[in-house]
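Structure, as structure tokens:
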Amino acid sequence: MEFAAALREGRPYRRPKKRCPVCKGWWFVGEVTGGNRKRVDALYCSPRCRTRAYRQRQSRSEGVTP
């Protein structure tokens, strides 16, 4: 959608990039990785980083009773 608007207005289009909070790596929004397109609202660059973040959250919450 943004790409089409940029073409109509005659301005350059730059694909937005996001930064992974786990590995601090950058990736392009909507990038195709492993045959699948990354979601626009993805937080992590890979399933590996997503799993690592989950395990870090779990280890921080151990021993905390509600």
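The values are calculated or read from the model by the stated rules, or taken from the named source; none is laboratory data. All values reported here derive from a predicted model rather than from experimental measurement. What goes into the accessible areas is simple: the full protein's heavy atoms, side chains included, and nothing from ligands, DNA or RNA. Shrake-Rupley method; radii C 1.70, N 1.55, O 1.52, S 1.80 Å.
In table form, for the structure just shown:
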quantity: Selection count where residues are assigned to a loop (DSSP other than H, G, I, E, B), on the phi < 0 side of the Ramachandran plot and not basic (Lys, Arg), scope region 9-42; calculated: 13
quantity: All positions within region 44-63 that are over 20 Å from residue 27 (Cα atoms), modelled with pLDDT under 90 and either open to solvent by 100 Å² or more (accessible area, probe 1.4 Å) or under 18 Å from the mean Cα position of the chain (by Cα) (or both); calculated: 60, 62
quantity: Qualifying positions in region 1-42 - modelled with pLDDT under 80, farther than 30 Å from residue 57 by Cα and open to solvent by 90 Å² or more (accessible area, probe 1.4 Å); calculated: 1, 2, 3, 7, 9, 11, 12, 14, 15
